[in-house]
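The values are calculated or read from the model by the stated rules, or taken from the named source; none is laboratory data. The shown structure was predicted, so the numbers you read here are calculated from the model rather than taken from an experiment. Cβ placement follows ideal geometry from the backbone for every residue including glycine, while neighbour counts extend to all protein chains displayed.
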Amino acid sequence: MTKTVRDYIRTIADFPHEGILFRDVTTLFADARGFRMAVDQLLLPWTGTRIDKVVGLEARGFILGGAIAHQLSVGFVPIRKKGKLPGQTISQAYKLEYGEAIMEIHEDALQPGERVLIVDDLLATGGTCEAGIKLVERLGAEVIGCTFVVNLPELGGEALLRKLGVNLHMLCEFDGA
């Protein structure tokens, strides 16, 4: 039987707290065949599309985004939590389950008109990705799409991003949070 990307992802019950089923992609990253499969499949729908930069969302999006940028021979840009980037940044707040968080990007990371692919490991509520999209657009770049390994549709992120008109690609989905 041929393994799929989903087969490489383990589920850890009650992490980070009781009632959560954590979808752990580190097991996917640790397997050379699984990691290669994921990178290739994340890129598949964008074949033939001009992409100038890959943006990775903190933190596992850095791993995937770096590999995808390398594969495309384009630059990689991190979007990080507030206070983690040196130099001049712009910020974007977004809502968490309880409270608010802030993401940042270097103010010179993207040029107007550049075409950007946003990458992360998992789409849950969509707040982090929505903040990333707003940051990219504030710098004048165009988000051509967002790509994720895992989708958790019950948490609403897919619906939120589709309402924004963003092209989405996810490799697999899991029920439950």
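Brief remarks follow.
- Residues that are in a strand (DSSP E or B), in contact with an Asp or Glu (Cβ under 8 Å, 6 or more places away or on another chain) and charged (D, E, K, R) within the range 54-112 comprise ARG80, LYS81, listed in sequence order.
- The set of residues from the range 8-18 being more than 18 Å from VAL119 (Cβ to Cβ) and in contact (Cβ under 8 Å) with a residue 12 or more places away in the chain comprises ARG10, THR11, ILE12.
- Scope the range 89-116; condition closer than 19 Å to VAL166 by Cα, touching a Gly at 6+ places or on another chain (Cβ under 6 Å) and surrounded by 14 or more Cβ atoms within 10 Å (Cβ to Cβ); matching residues: TYR94
- For the range 113-142, taking the residues that are within 30 Å of ASP175 (Cβ to Cβ) and part of a loop (DSSP other than H, G, I, E, B), the one that is modelled with the highest pLDDT is identified as GLY126.
- Reported count of residues in the range 32-66, each being surrounded by fewer than 16 Cβ atoms within 10 Å (Cβ to Cβ) and either farther than 27 Å from GLY140 by Cβ or touching a residue at least 40 places away in the same chain (Cβ under 8 Å) (or both), is 8.
- Hey, VAL5 touching a residue at least 40 places away in the same chain (Cβ under 8 Å), under 27 Å from MET103 (Cα atoms) and under 19 Å from the mean Cα position of the chain (by Cα) or not: no
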